[in-house]
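FYI, it's all coordinate maths here, none of it is from the lab. All of these numbers come straight from a predicted model, not from anything done at the bench. When we count neighbours, we look across all protein chains shown, and the Cβ atoms used for this are built from the backbone with ideal geometry, even at glycine.
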Amino acid sequence: MLAYLDHHATTPCAPSVVAAMAPWWSECWANPSSRLYRPALEAAAAVEHHRARLARLLGAAEARVVFTSGATEANNLALKGVAEAALAGSSPRRRLVSVVTEHRAVLDPLRYLERHGFPLTLLPVQPDGLLDPIQLEAALGPDVLLVSVMAANNEIGVLQPIAQIAGLCQRHGVLLHCDAAQATGHIPLAMDALGIDLLSISGHKLYGPVGSGALLVRKGVALAPQQLGGSQEEGLRAGTLAVPLIVGLSKAMELAHADREARAERLATLRDALRRGVETLGDVQLNGSLDQRLPHNLNITISGVDGTALHQRLRRRIAVSSGSACSQGSPSHVLQALGRSRQEAAASIRFGLGRHTSAADIAEAIAAVQEAVQALRR
Ligand SMILES: *Cc1c(COP(=O)(O)O)cnc(C)c1O
């Protein structure tokens, strides 16, 4: 078996999550919006139970939970929804502010909005991948409507200073959206306490079902629906509710919270062993801050090797990537934002450890990288 170290691309759905979903496919399959008979009312009650539990686990008592198909849809709903609602409102604020290292599921909707009358400011990051709050504050003029900053980066794992960013946004009357697809279930994250207005999450990044996710929206934030065709989710997202996926998302979040601390500690130890192991090769650079980082992420650039040849060799033994699964083909925009050249970005390896990663997987990864790099440098 290939050692799977690509948990930022996706995670396996936990067996107990699959088990929790099972009856909702084949036994309790009524449509929760058909409120005239008992099975439908039971499905509706289950949805509300899991909605409340999800909000509680995310410290979001002040938020509405809108179930979506994943974080991509949640980001689109957040960004386009806020922009469209602003057009209908009285505020003249239109500018959107974000960061160059965001996921494409944030950058692409923002660029779309830029073409439709919402000026966009994309802030650079420091060499360690972190946003400089002073630069953010300088960008927060009276025209700014919304700031979007991810909690944890999907390539280099760095954790942006969300509490500080939220404080600045509040002081300037600006909404804050946070793509937390890589953060929830992996690091502590409490929406209300942090002061986040809109939060995107994804099921398949936290050992839940692919095709599940949610946007949490602080009560009082005006949002225009981006999918029309029914009154589900208070009119914010039309379409029959996917009860099994909602149950699975909530169950996965509960499990992730239960083992989060122990998992983080175990994986940080394995990750540090991996880093030491690959660094013995020499001319290996770490991408992104080491201390403000997801415990299960490592991203390195290896000098003096061709990226394509490197990954061709690695793929025989380990599942890793050179960048985001969503931007296949082109060298990582995140690594280039840190100052890496296109060649360096291609000769980079993203490792994402996970719940089932063992010491043997790490030993295999170190051996695979050493063998590949030594052969290519020879
Ligand atoms: C995976 C990911 C997404 C997309 O999530 P889906 O649920 O697959 O749509 C968005 N943002 C980040 C940071 C991600 O890692």
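At a glance:
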| read-out | value |
| --- | --- |
| Residue that is surrounded by the fewest Cβ atoms within 10 Å (Cβ to Cβ), among those in the range 57-85 that are outside any strand (DSSP E or B), more than 16 Å from the ligand (Cβ to nearest atom) and of a type in the set (D, E, K, R) | Glu62 |
| Helices (runs of 4 or more DSSP H) contained entirely in the range 300-362, each with at least 3 residues that are away from the ligand (no atom under 16 Å from the Cβ) | 307-314, 342-346 |
| Among the residues listed as Ser200, Ser250, the single one being in contact with a Leu (Cβ under 6 Å, 6 or more places away or on another chain) and farther than 25 Å from Arg104 by Cβ | Ser250 |
| Condition met for Glu137 (among the acidic types (Asp, Glu), out of contact with any Lys or Arg (no Cβ under 8 Å at 6 or more places or on another chain) and over 25 Å from Leu298 (Cα atoms)) | yes |
| Qualifying residues in the range 11-45 (those that are surrounded by 17 or more Cβ atoms within 10 Å (Cβ to Cβ) and within 16 Å of the ligand (Cβ to nearest atom)) - the one farthest from Leu245 (Cα to Cα) | Thr11 |
| Test result for Leu274, hydrophobic (A, V, I, L, M, F, W, C), part of a helix (DSSP H, G or I) and over 30 Å from Arg378 (Cα atoms) | no |
| Residues of the range 90-113 satisfying the condition of being surrounded by fewer than 16 Cβ atoms within 10 Å (Cβ to Cβ) and more than 16 Å from the ligand (Cβ to nearest atom) | Ser90, Ser91, Pro92 |
| Residue within the range 162-176 that is without any contact (Cβ under 8 Å) to a residue 60 or more places away in the chain, within 12 Å of the ligand (Cβ to nearest atom) and small (Gly, Ala, Ser) present | no |
